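A.B. asks: Handing you this structure, nothing more for now.
The values are calculated or read from the model by the stated rules, or taken from the named source; none is laboratory data. Remember, predicted model here, so these are calculated numbers, not experimental data. Neighbour counts are summed over all protein chains in view; Cβ atoms, including those assigned to glycine, are modelled from backbone coordinates with ideal geometry. These area figures cover heavy atoms from the full protein model, side chains too; ligands, DNA and RNA do not enter into them. Shrake-Rupley method; radii C 1.70, N 1.55, O 1.52, S 1.80 Å.
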Amino acid sequence: MFTIQVSDEIKTACPLFAGAALYATVKNSAYSAELWEEIHTFCQELQARSDLSLIKDQPVIAATRLAYKKCGKDPGRYRPSAEALRRRILRGIPLYQIDTLVDLINLVSLRTGYSIGGFDADKIAGTSLVLGIGKADEPFEGIGRGVLNIEGLPVYRDSIGGIGTPTSDHERTKMDAGTTHILVLINGYNGKEGLEEAVQMIRELLRTYCESDGGTYFLY
């Protein structure tokens, strides 16, 4: 299992921060029709009860945006992933389909407002991660985004370098068709409330769609 350290710079900038880490054995698939029925249903519900002007008021998203400002990043230019997903749906743009692991994490992110990191655990260097703040010119290749300027973004680092931010995770540790072990990190910049529920939501989806026993988790 992995250990996670929250740096003093994060504790100072974001004193309410709490996180959840889930490690699980999984079997990925290219597509799950049943999962996408769940996704379509939720997207329709979201469109019926919300609009673009309300996204920033969602408590978890609002807390993440504030954390960006405290760490030195403009959340209007570098949106947290959960906010970007909601904006996409409420603008009438269909959610992109990647694979079952990515898709189910996106669903939980949409439901809860948490920006969630999903990593191939076997690609992480070492067993310790540190959550800090990105530095100027720190190298980071975002998934599908190319080089990403992570200065001022909260970032998890392994023994090689950054692997995940609330805006994008790194190409080096991304999940793919061959992934058999995952590490999921849920970032609660408004505290612990809701983290347990989000973890259990992911565990249930993993049991249903990825032939997993739901794995093990801890809060930090």
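A.B. asks: Which length gain, in nm to one decimal place, applies between Arg88 and Asp74 when the Cα-Cα distance is subtracted from 0.36 nm times their residue separation?
C.D. replies: 3.1 nm
A.B. asks: Return the whole-Å distance between the Cα centroid of the range 7-63 and the Cα centroid of the range 162-220.
C.D. replies: 10 Å
A.B. asks: Same structure, new question: Tally up the carbon and sulfur contribution to the accessible surface of the range 78-170 as a whole percent, 1.4 Å probe, everything protein left in place. Walk me through the numbers on the way to the answer.
C.D. replies: Details: 1660 of 3330 Å².
Ligands and nucleic acids excluded, carbon and sulfur reach 50 percent.
A.B. asks: Evaluate the distance, in nm, between pseudo-label points positioned 7 Å from the Cα of Leu66 and of Leu46 along their respective Cα→Cβ axes.
C.D. replies: Result: 2.3 nm between the two label points.
A.B. asks: With only alpha-carbon atoms counted, please give the Rg and Dmax of the range 80-182, in Å.
C.D. replies: When restricted to Cα atoms, the range 80-182 yields Rg and Dmax of 13.6, 41 Å.
A.B. asks: Using only helices, what value at 222 nm comes out for the chain when you add -39,500 (n - 2.57) per DSSP H run of length 4 or more and divide by the total residues, to the nearest 500 deg cm²/dmol?
C.D. replies: Using -39500 (n - 2.57) per qualifying helix, the result is -10500 deg cm²/dmol.
A.B. asks: Can I ask one more? Using θ = phi - 60° and the Karplus curve 6.51 cos²θ - 1.76 cosθ + 1.60, what whole-Hz ³J(HN,Hα) does each residue of the range 76-90 get, with Gly and Pro shown as x?
C.D. replies: After applying 6.51 cos²θ - 1.76 cosθ + 1.60, I find x, 9, 10, 6, x, 4, 5, 5, 4, 5, 5, 4, 4, 5, 6 Hz.
A.B. asks: Now a separate question. Could you sort out which of Lys69/Lys192; Lys135/Lys174; Lys56/Lys123; Lys69/Lys123 sit more than 28 Å apart by Cα distance in this structure?
C.D. replies: With Cα atoms farther than 28 Å apart: Lys56/Lys123; Lys69/Lys123.
A.B. asks: Net charge near Arg207, counting Lys/Arg +1 and Asp/Glu -1 over other residues with Cβ under 15 Å of its Cβ?
C.D. replies: Once all neighbours under 15 Å are counted, the net charge is -3.
A.B. asks: Under 11 Å from the Cβ of Thr100, count the other residues' Cβ atoms, weight Lys and Arg +1, Asp and Glu -1, and hand me the total. If you can, show how the numbers build up before the last one.
C.D. replies: Values: positive: Lys27; negative: Glu34, Asp99, Asp103, Glu211.
Neighbourhood net charge equals -3.
A.B. asks: Right, here's the next one. Before anything else, pin down the relative contact order of the range 52-168: Cα pairs under 8 Å, at least 6 apart, normalised by residue count, whole percent. Numbers along the way, then the final one.
C.D. replies: Details: 156 pairs, mean separation 29.6, N = 117.
It rounds to 25 percent for the range 52-168.
A.B. asks: Express the accessible area of the range 1-127 per residue in Å², computed with a 1.4 Å probe while the remaining protein chains stay in the model.
C.D. replies: 46 Å²
A.B. asks: While we're on this one: Tally up the carbon and sulfur contribution to the accessible surface of the range 9-77 as a whole percent, 1.4 Å probe, everything protein left in place.
C.D. replies: 53 percent
A.B. asks: Report the label-to-label distance for Asp176 and Tyr23 in nanometres (one decimal), using points 7 Å from each Cα along the Cα→Cβ vector.
C.D. replies: 2.3 nm
A.B. asks: Per the Kirkwood treatment, what hydrodynamic radius in Å, one decimal, follows for the range 169-220 from the mean inverse distance over all distinct Cα pairs? Mind showing how you got there, number by number?
C.D. replies: Details: mean 1/r = 0.0799 Å⁻¹.
12.5 Å is the Kirkwood radius here.
A.B. asks: Could you give the Stokes-Einstein D for the range 1-107 in µm² per second, using the C-alpha Kirkwood radius, 10 °C, 1.306 mPa s? Walk me through the numbers on the way to the answer.
C.D. replies: Values: Rh = 16.1 Å.
It diffuses with D of about 99 µm²/s by this estimate.
A.B. asks: Once you order the gyration tensor axes a ≥ b ≥ c over the Cα atoms, which shape class does the range 1-60 get: rounded for a/c under 1.5, otherwise prolate or oblate by comparing a/b with b/c?
C.D. replies: On the way: a/c = 4.60, a/b = 1.26, b/c = 3.67.
In terms of gyration-tensor shape, oblate.
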